[in-house]
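Worksheet: one structure, shown below.
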C-alpha cells in the first residue's frame, strides 16, 4: 500500500528524467505516448502503490512539476 | 582565390582579420558576436598569433592597449554593452595614438538591452564615448563582403592614422550567411620587423636608441594642450580623406533616404516597393559614420523635397544628417528600437504617410 | 493528505525557461524555500546577474534588480546601505562572478558586506553558448577551447570558495552541490545558515553551488549529474570553509 | 527584382536551420545570389527556430522576410504563427508527421509531407526527415536543381560523412507529389 501520493503538473515537465534517476523505488518513467504543449514526453508514475513519499523526485525536479503528500495522515 | 564561400558573418569577419595580418585578439563572450572569439581561439595559434579570453571587456581592451603599444596588429570585438565597458580603454588608445581595430556587432540598448540587432550605438561610436578630445574612425558595412573588405582596410587606416578604428556592424550581419570572396592573406609583421615598421612601438631600446615612453597623463596642462593640438590635424585630414558613402538615384529622387548598415538594405527594398507606386526615392548610405560624409548631401538634386533618416534607434544619425543639410530640406525619421528590425513594407508605408502629411 | 513537499510560494506561478535538467531551477527553489520558511519573502531584495539567470526576477517572488555583468555585489552593497535590516542576496554565475566580476566580489567580501552571495558554478558560459569559464576544468571542452582547456593557455580553474575564504570579511563560506537529494538537503541547510549570518550582521556569506549545464556540456541531464560528481567534486571539494559559532 | 524568399520554421533540433543552409549552398553553386538569416537567441534547448533564405539572380537587398514565397512549417505552432506571411499563390509545406492541423489558407498551394514516416520507411533512417522536406521543396519550387544537391553534400559532408551522401540524395527524392 502506498505511503506517498504524487501530484504531477505535467504541463511544466521538460522530460529531463532527474526524478527518474532519483526515485529509490524506480516507479517514475517518461510517458511514451503523451506529448505536453512544450513538446516533451512528461513524467508519469508506473506503480502508484509503491510510492514511499520520500520526495527525492521533487527535490531533484528543477521545474516544480512534483508535489508529494503523505497518504492517510 | 576568387572562389565564393558561404560564410556566417562573424566567422567571415574573423577570417578577414586573420588574412589582414591580425595576430592578436582579446575577447569576452557576448551575444551576438561569440563566433568571433570562438574562431580566433581555434585559428590564431595556428598562424603564430595569440588569443586570450579576457576576464572582461575592460581587460580585453587593455590587453589590446598593451599589444598595440608593443607593435602587434590587434583586433578586439564585442557588442554594444561590452563596447561601453571598453570606452575607458578606447579613450586611452586614442590619447596615446595606438592603432587597434574594434569590431562592434551592435545590439539593442540601453543597459544590457536586447541581443537582437540595433543601431543605437551611433552616438557611442561616433561621439567618442570615452572622455577627452578624440575621434574614432567608424566604418558601417551593410553586407558580409563589405565588412570583410572594411576590416582589411581598417588595419591600414588604423596604422596610418595611429588611431582606433571601429567597424559598426550589427547582429544581422554577424549572424547571417552570404557567399563571400575571402580577401587575400597578407603576411603578418614579425617581431623582428616591428622596430623598423613601427618606430613608436615598445620593443626595448637595446641601448641603440632613446627609451620610448607611452603616457596618457600630463601634469603640465600646457604640454597636454600642445600635444592635443599636435595630433589634431590628423582628424582634419581624416575628415577630408576618409569619408565614404554610396549614393543611389539622387538626381531623380523626390525623397531621399539616409540609412547605414543592414538598415540600408531594407531601405533599398522599400525603394523598389515605392517605385512600383510611382514614388521616386533615392538613398545616401554613409559607409563611414565618422567622418560623416557631409559631401553626399550636396549631391541631392533639385527635385528632392523630403529627407528621411531610417535608423534602428530613436534618431541618432539624424542630427548629423540635419547638420549636413544646413536646414535646406525637412528631415523625418523612420525607426524601430530595442532590437526590433524594420521591414521594407513598413518603411514604404511610413514613407507614404510622411509624404501625405505635407 | 499531509504535504511532504509542496512547491514553494516563493517561486512565481510561471514556467522556467531553463533547458531541460538545468539545475538553476533547483537553486532558485532552495533559496525561495528558505526565505518562505523565514517569513522573509516580503522583506528580501535580490540582485540577478548577467548569464542564463539574468531573468531570475521573472521567477522569484521577491523584489529584484538586474545588475550589469559582474557588478551584482556592488549593487547589493548599495541596496544594503539603504535597507540595512532587509535580507539581500546576489545570485551569480561563474562568468559573472569569477571572471568579469572578480573585483566586486572580492571587495564585497573584503568590506564584510552583510548580504549573501549564491555562486552557481557549472564550469561554463551557458547563455552565450558554451565558452570557457574561469571554472572550466582542465581537459574540459568549450567553444573557446575546442581541444579542451589547458594550463598553458588558461591556467588552472579558479576555486572561488577557497579564494573568498581567505578574506576576513567573509565569515561564512561553504561549497555545496545539487547532485543528489542528500546534497540538495545540505545545500538548503547552508542557505539557511547564510541568511542567519546576514540577520545577525556577522559578515559576508558566500555559498558556491556546483551545478550542471547539460546543453553546453553536450550530455543528457542525468549523465550531467554523474559528470559533476566524477569531475567537479574532486577539484571543487564540498566543504564548509568557514562558519561563525553563532549559527552552528 | 525577382527575389524568392523562403521561410522555414520549427522546433530547435528539427534541422530547420540546416534545410535553409543546404538551399543557400545550392543557390551559391548555381551562381545565384543568396542570403541565409537565422533567428537567434540565448543558447537554449527546446526553443523554436526559424530561418529566412533569399535567392535571386540579382544582388539581394534585405535578407529579412515580412512576406515569403515559400513557407515551411515543421511544427504546429509555426504554422499558426507564420501562415499569414505567405504571399497568395505561394507554396506551403507542412510536416504532417507532427503537425495535426490543416492549413487555413485557400489561396496558396499546400503540400503535406509526412517527413518522419517517409524518412523511416522509404529512406530507412529517421534522421533524414529534414532532407525529405528539403527534397519536397526542391521538387515543387525548382528554386534550385536537384542535381546540384550532390555537389552540396560533397562539400558539406566530408571525411567520415561521405557515406551519408547517397542516403541524403535518396531522402531528397523520397517524397513524391
Query raised in the report: Here is a list of conditions, (1) in a helix (DSSP H, G or I); (2) touching a strand residue (DSSP E or B) at 6+ places or on another chain (Cβ under 7 Å), and residue B:240 meets all of them except one; can you say which number that is?
Result: (2)
Query - Which numbered condition residue B:112 fails, given (1) away from every other protein chain (no Cβ under 14 Å); (2) not in a helix (DSSP H, G or I) - result: (1)
Query raised in the report: Can residue B:105 be described as in a strand (DSSP E or B), touching a helix residue (DSSP H, G or I) at 6+ places or on another chain (Cβ under 9 Å) and within 14 Å of chain C (Cβ to nearest Cβ)?
Result: yes
Report task. Could you give me the residue pairs with C-beta distances under 7 Å whose first residue belongs to the range B:144-170 and is more than 24 Å from residue B:81 (Cβ to Cβ), whose second residue is assigned to a helix (DSSP H, G or I) wherever it lies, and which are 6+ apart or on separate chains? Result -> B:148/B:12; B:148/B:13; B:148/B:16; B:152/B:16; B:161/B:234; B:161/B:238
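Yes/no matrix, rows are residues, columns are (1) surrounded by 18 or more Cβ atoms within 10 Å (Cβ to Cβ); (2) out of contact with any helix residue (DSSP H, G or I) (no Cβ under 8 Å at 6 or more places or on another chain); (3) more than 21 Å from residue B:96 (Cβ to Cβ); (4) modelled with pLDDT under 95:
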position	(1), (2), (3), (4)
B:135	yes, no, no, no
B:140	yes, yes, yes, no
B:147	yes, no, yes, no
B:151	yes, no, yes, no
B:156	no, yes, no, no
B:167	yes, no, yes, no
B:213	no, yes, no, yes
B:239	no, yes, yes, no
Requested in this report: Please find, among A:42, A:62, A:24, the residue that is without any contact (Cβ under 8 Å) to a residue 60 or more places away in the chain, touching a helix residue (DSSP H, G or I) at 6+ places or on another chain (Cβ under 7 Å) and within 7 Å of chain C (Cβ to nearest Cβ).
Outcome: A:62
Query raised in the report: Does the range D:116-132 contain any residue that is crowded, with 23+ Cβ neighbours inside 10 Å, touching a strand residue (DSSP E or B) at 6+ places or on another chain (Cβ under 6 Å) and over 30 Å from residue C:212 (Cβ atoms)?
Result: no
Report task. Scan the range B:267-307 for residues that are out of contact with any strand residue (DSSP E or B) (no Cβ under 6 Å at 6 or more places or on another chain) and within 14 Å of chain D (Cβ to nearest Cβ) and jot them down. Result -> B:268, B:269, B:270, B:272, B:273, B:275, B:276
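The rows are residues; the columns are (1) crowded, with 24+ Cβ neighbours inside 10 Å; (2) away from chain C (no Cβ under 14 Å); (3) within 14 Å of the chain's Cα centre (by Cα).
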{"position": "B:53", "(1), (2), (3)": "yes, no, no"}
{"position": "B:62", "(1), (2), (3)": "no, no, no"}
{"position": "B:76", "(1), (2), (3)": "yes, yes, yes"}
{"position": "B:83", "(1), (2), (3)": "yes, no, yes"}
Query raised in the report: Considering only residues of the range B:335-358 that are away from chain D (no Cβ under 14 Å) and under 17 Å from residue B:265 (Cβ atoms), which is surrounded by the fewest Cβ atoms within 10 Å (Cβ to Cβ)?
Result: B:335
**Report entry** Residue list for the range C:5-15, restricted to those being within 9 Å of chain A (Cβ to nearest Cβ), in contact with a helix residue (DSSP H, G or I) (Cβ under 8 Å, 6 or more places away or on another chain) and either under 18 Å from residue C:228 (Cβ atoms) or at pLDDT 95 or above (or both)
**Finding:** C:5, C:7, C:8, C:11
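Okay, residues lined up against (1) assigned to a helix (DSSP H, G or I); (2) within 14 Å of another protein chain (Cβ to nearest Cβ); (3) surrounded by 15 or more Cβ atoms within 10 Å (Cβ to Cβ); (4) at pLDDT 95 or above:
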residue: B:194; (1), (2), (3), (4): yes, no, yes, yes
residue: B:199; (1), (2), (3), (4): no, no, no, yes
residue: B:206; (1), (2), (3), (4): no, no, no, no
residue: B:235; (1), (2), (3), (4): yes, no, yes, yes
residue: B:247; (1), (2), (3), (4): no, no, yes, yes
residue: B:256; (1), (2), (3), (4): no, no, yes, yes
Requested in this report: Say whether the condition of being in contact (Cβ under 8 Å) with a residue 12 or more places away in the chain, part of a helix (DSSP H, G or I) and closer than 27 Å to residue B:133 by Cα is met by at least one residue in the range B:262-274.
Outcome: no
Report summary line: So the helices (runs of 4 or more DSSP H) completely within the range C:107-219 holding 1 or more residues that are within 14 Å of chain B (Cβ to nearest Cβ) are C:151-154, C:160-165, C:214-217
Query raised in the report: Just a yes or no: is a residue in the range C:20-27 in contact with a helix residue (DSSP H, G or I) (Cβ under 9 Å, 6 or more places away or on another chain), without any contact (Cβ under 8 Å) to a residue 60 or more places away in the chain, surrounded by fewer than 20 Cβ atoms within 10 Å (Cβ to Cβ) and facing chain A (nearest Cβ under 7 Å)?
Result: no
Requested in this report: For residue B:228, state whether it is loosely packed, with under 15 Cβ neighbours inside 10 Å, assigned to a helix (DSSP H, G or I) and in contact (Cβ under 8 Å) with a residue 12 or more places away in the chain.
Outcome: yes
Report task. Select the strands (runs of 3 or more DSSP E) contained entirely in the range D:30-91, then report the ones holding at least 3 residues which are within 12 Å of chain B (Cβ to nearest Cβ) and either touching a residue at least 40 places away in the same chain (Cβ under 8 Å) or in contact with a helix residue (DSSP H, G or I) (Cβ under 7 Å, 6 or more places away or on another chain) (or both). Result -> D:33-38, D:48-56
Query raised in the report: Do we find that residue C:86 is crowded, with 24+ Cβ neighbours inside 10 Å and over 14 Å from residue C:194 (Cβ atoms) in this structure?
Result: no
Query raised in the report: Any idea which residue in the range C:35-55 is farthest from residue D:45 (Cα to Cα), counting only those that are more than 14 Å from chain A (Cβ to nearest Cβ) and assigned to a helix (DSSP H, G or I)?
Result: C:37
Query raised in the report: Restricting the search to the range A:45-59, which residues are surrounded by fewer than 19 Cβ atoms within 10 Å (Cβ to Cβ) and touching a helix residue (DSSP H, G or I) at 6+ places or on another chain (Cβ under 9 Å)?
Result: A:54
Query raised in the report: From C:155, C:130, which residue is surrounded by 17 or more Cβ atoms within 10 Å (Cβ to Cβ) and at positive phi?
Result: C:130
Report task. For residue D:4, indicate whether it is over 25 Å from residue C:218 (Cβ atoms) and in contact with a helix residue (DSSP H, G or I) (Cβ under 8 Å, 6 or more places away or on another chain). Result -> yes
Report task. Report whether or not residue C:146 is farther than 24 Å from residue C:24 by Cβ, modelled with pLDDT of 95 or more and surrounded by 18 or more Cβ atoms within 10 Å (Cβ to Cβ). Result -> no
Query raised in the report: Looking at this structure, is residue C:38 more than 17 Å from the chain's Cα centre (by Cα), surrounded by fewer than 18 Cβ atoms within 10 Å (Cβ to Cβ) and touching a residue at least 60 places away in the same chain (Cβ under 8 Å)?
Result: yes
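The values are calculated or read from the model by the stated rules, or taken from the named source; none is laboratory data. Keep in mind that what you see is a predicted model, and the values were worked out from it rather than measured. Cβ atoms come from the backbone with ideal geometry, glycine included; neighbour counts cover every protein chain shown.
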